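Shown next, in structure tokens, is the structure this report addresses.
No lab work stands behind these numbers, since they all come straight from the coordinates. It should be emphasised that the depicted structure is a prediction, and the values quoted were computed from it without experimental measurement. As a convention, Cβ positions derive from the backbone with ideal geometry for all residues, glycine included, and neighbour counts pool all protein chains shown.
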Amino acid sequence: MKYSYIKPRKKSIFSAELKLVLTFFSITIFMLLGTYTFLLYKDYKFIEDRADIVQQRYDLNISLTQMKEEIEFIEKQNLLSQKIYTQNSVLKESMRNLFDLVPQRITLSEALLLDNGLILYGITPNKDVYNFMLQAPLRSIFHKTYSSFYPDKNGWLRFVSTNYIEEREDEN
Amino acid sequence: MKINISRPNIYLLILSIFLLIFVFVFSFAVLIPEGKEYRKQRSELKKERRAALRYQNFNNETSELLKTLKSDNREVLTAFERAFNEKRFQKQHSNYFSSLSISKESSAIVDDEFSIYEVNTTSQISSPQSFYDFLDALNKSDWIISVNFPINFKRDGELIKSTFTMKVYATLKDSNSTK
Amino acid sequence: MISRIFESLYIKVFVSIVVGRADTTVLIELYSKGKIKNSFEEVFATTDIDENMREFILLYISESPFYYISFLDDSQNQGAIPTCNKNKIDFYQDMSGCSYRCFKKRWSYFTDHDYIYSIERKFQHIGVDYIFSPFLLLANFFKDKIADNLAMFLLIEEKSVSLSVFNNSELLYSEHLLLNTQNREELMYEDVGTEMDESLEEDGIDLEELDIIEELDSLEDFGDIEDLDTGDDFEDFEESHEIEEDFHTQDETPSNEVKSDELNDDYERFSLIQKSINHFYKDDKYESEFIENIYVADGIGISSDFKKYLEEEMFLSVYIRQIDLTRELASLARMEMGL
């Protein structure tokens, strides 16, 4: 206000209309940019999540394989133990059957059980008893039976009964 | 008719048109493709999540299965794990025998996953029934043991001298840990 | 920097408004990049703002937000004082109710504060940015002569005469003289200073009051041979001569009224000036120096008689320069802005 009595009014290029237009567009553009930023961020998140899922699947895969192997192994163990238990039970039963087979009149002195046969040593009063009471059932079980006799004191016979089963089963 | 627009209004008009064009171009060239991408990624993520969930469930089921198997077969599994102890065996099964002696025949034979520990047994039993009982007890013992041929019973006075081999099965420590 | 870009988008519009006796002159200059690209001038038959004037101005100011409206102050109570010092100002003039501005720390010009408000109110629909004093206009117009001369400088407008005496940029005396054909009596007794000289009355030209008795007195003086050589006698002779002339012109047809009005005005101006000079000489408040030269800024187109009056009656060397009031006002506005 050097020379004039009054100060000039403030001049601005921002007329009311211009301000309105700028406000409207700045809000619009702000919202557009906001949406765009949101979408970018979300896409980035999605890609990240998908990568996480891939990683998760990979980890799960590993653990699953591991578990499968464990399960397999447990089942193997199970099978084996079952097999052994049955094997022992079968052994018991067959031994029981076998010794039940032996009549009272015949006395065993030794029994040798093999995986493919059975050798019995014993004393029998006479051959007939042996043949009917022991040999016959043995023959029905075993494929090959041999008997040899040795006379013993008292007129009783000592026998050696050798019995084999032909089928070669795998040894357990 | 001459249309006369003042200069400030011309600038305003140009600015408005420019901004409008910008808004449209931005929307169509940038925003809409990004929106499509967004929807695509979202649906794919959903699918993958579902698949992952199924997989997870399957994994959980398998884990449950493993757990139940382990718990159901605890005794067998522990029996397989246990290292054979001759003295303990003797102590546990001496009931069935009048006398019992065990000797190690061969060291562990590796049979892919299992080690087999062969043991020679010499014992004296009063009657075959004891042996049967022994065999029953063997199935319930602390170890997985099978009795193998040859088995020899020989009368020895009042008692029966019996000799037989036993195989003690155990899991291989190394193989189990790596698996 | 950003504001410079914005300013280059638009041209500057300078509107100058000068109010005359019965009309107003509006000058619009379109200014860009240091040059006046275009100018439009129009005279409107009103001393106030009328529809046409507003339309005319709005037509151009709507083209740019950078428009500056300057107005030449036509207040009746305005003038200039030889000092800038606040304490000394009251010595010359009672400044209560006045706005004043200092010119280059040498002298100040003032005007009625309320009148400024009334101007702003008058322009409230289009607004006013600058109000300049005619003394400022005068000082700027004659700045080369004021700097190294002792002279009187006048600005002639339709309704007023702005009178000032400068000695090498030092203001010695100043007065804003008003022409008013209706109130000549008031003019007679217009008092700028507190003193009233009797000589004022004697020197005053008043057609109505002049009666035959005075005329006779002057004639009697004329009869005295010893007084023949006095300058006063010559003056009185001239007066009577003029009075006869004036009576003569009154009988003429109305077509010559304008000319006679002009002559009347010029004579009135002359007599006002004469009165003022005498006041300057006589008043002790002002540093009196003998004036030999007058520089006149003619804003209206005065007749040659005016020059004659001054030269012959007061033995002054008169130099007349034509001034375009509106154009000078606009350049003042640009000076204020620093362009």
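Quick notes on this one:
- The modelled label-to-label distance between C:SER62 and C:SER118, using points 7 Å beyond Cα along the C-beta direction, is 3.2 nm.
- B:LEU172 paired with B:ASP136, simple spin-label distance in nm, labels 7 Å along Cα-to-beta-carbon: 3.7
- Among C:HIS113, C:HIS125, C:HIS176, the ranking by other beta carbons within 10 Å of each residue's beta carbon, starting with the fewest, stands as C:HIS125, C:HIS113, C:HIS176.
- Whole-angstrom gap from the range C:54-69 to the range C:1-36, using each part's C-alpha centre: 8
- In a DSSP loop and with at most 11 other Cβ atoms within 10 Å, the GluC sites (Glu not before Pro) in the range A:75-172 are A:GLU166, A:GLU167, A:GLU169, A:GLU171.
- For the range A:104-172, a simple Cβ point-charge model (Lys and Arg +1, Asp and Glu -1, everything else neutral) yields a dipole of about 540 debye relative to the Cα centre.
- Listed by chain and number, the lysines whose C-alpha is less than 26 Å from the C-alpha of C:LYS308, apart from same-chain residues fewer than 8 away, are C:LYS143, C:LYS145, C:LYS159, C:LYS259, C:LYS275, C:LYS282.
- On Cα atoms only, tilt of A:16-101 relative to the major axis of chain A in degrees: 0
- Unit charges on C-beta of K, R, D, E only; dipole of the protein assembly as shown, Debye: 16720
- When the Cα convex hull of chain B is projected onto planes of every orientation, the mean area is 19.9 nm².
- Other residues within the sphere of radius under 10 Å centred on the Cβ of C:CYS98, judged by their own Cβ, net out at -3 (K and R +1, D and E -1).
- Using a Förster distance of 41 Å, the FRET efficiency for B:GLU113-B:ARG49 (Cβ separation, nearest 0.05): 0.60
- Radius of gyration, Dmax [the protein assembly as shown; alpha carbons; angstrom]: 69.0, 221
- Taken about its Cα centre, the range C:42-152 carries a charge dipole of roughly 780 debye when the Cβ of each Lys and Arg holds +1 and the Cβ of each Asp and Glu holds -1.
- Positive-end ranking of B:MET166, B:VAL25, B:GLN124 along the dipole of chain B, with charges on Cβ about the Cα centre, is headed by B:VAL25.
- Computed helical MRE - 222 nm, the protein assembly as shown, DSSP H runs ≥ 4 contributing -39500 (n - 2.57), nearest 500: -15500 deg cm²/dmol
- If the segment from C:LYS143 to C:ASP23 were pulled out straight at 0.36 nm per residue, it would be longer than the present Cα-Cα gap by 40.3 nm.
- Under 17 Å from the A:TYR58 label point (7 Å along Cα→beta-carbon), backbone N, the range B:30-60: B:52
- Charge dipole of the range A:87-161 about the Cα centre (unit charges at C-beta), most positive-ward option of A:TYR121, A:PHE159, A:LEU108: A:PHE159
- Counting Lys and Arg as +1 and Asp and Glu as -1 over every other residue whose Cβ lies under 12 Å from the Cβ of B:THR121, the net charge comes to 0.
- Under the membrane-span-like helix rule (DSSP H runs whose alpha carbons stretch at least 15 Å along the helix axis, mean Kyte-Doolittle hydropathy 1.6 or higher), chain B yields B:7-25.
- Candidate lysines for bridging to A:LYS153, where Cα separation is under 22 Å - those fewer than 8 sequence places away on the same chain excluded: A:LYS127, B:LYS154
- Cα-based radius of gyration for the range B:1-47, normalised by 2.2 N^0.38 Å, reads 2.05.
- Net charge of Cβ neighbours under 11 Å - reference A:GLN55; Lys, Arg +1; Asp, Glu -1: -2
- Length released on extending from A:LEU20 to A:THR35, taking residue separation times 0.36 nm less the Cα-Cα span: 3.1 nm
- For the peptide B:153-161, the mean number of other protein chain Cβ atoms found within 10 angstrom of a residue's Cβ is 3.
- With R₀ fixed at 51 Å, the C-beta to C-beta distance from C:ARG54 to A:LYS42 puts the FRET efficiency at about 0.30.
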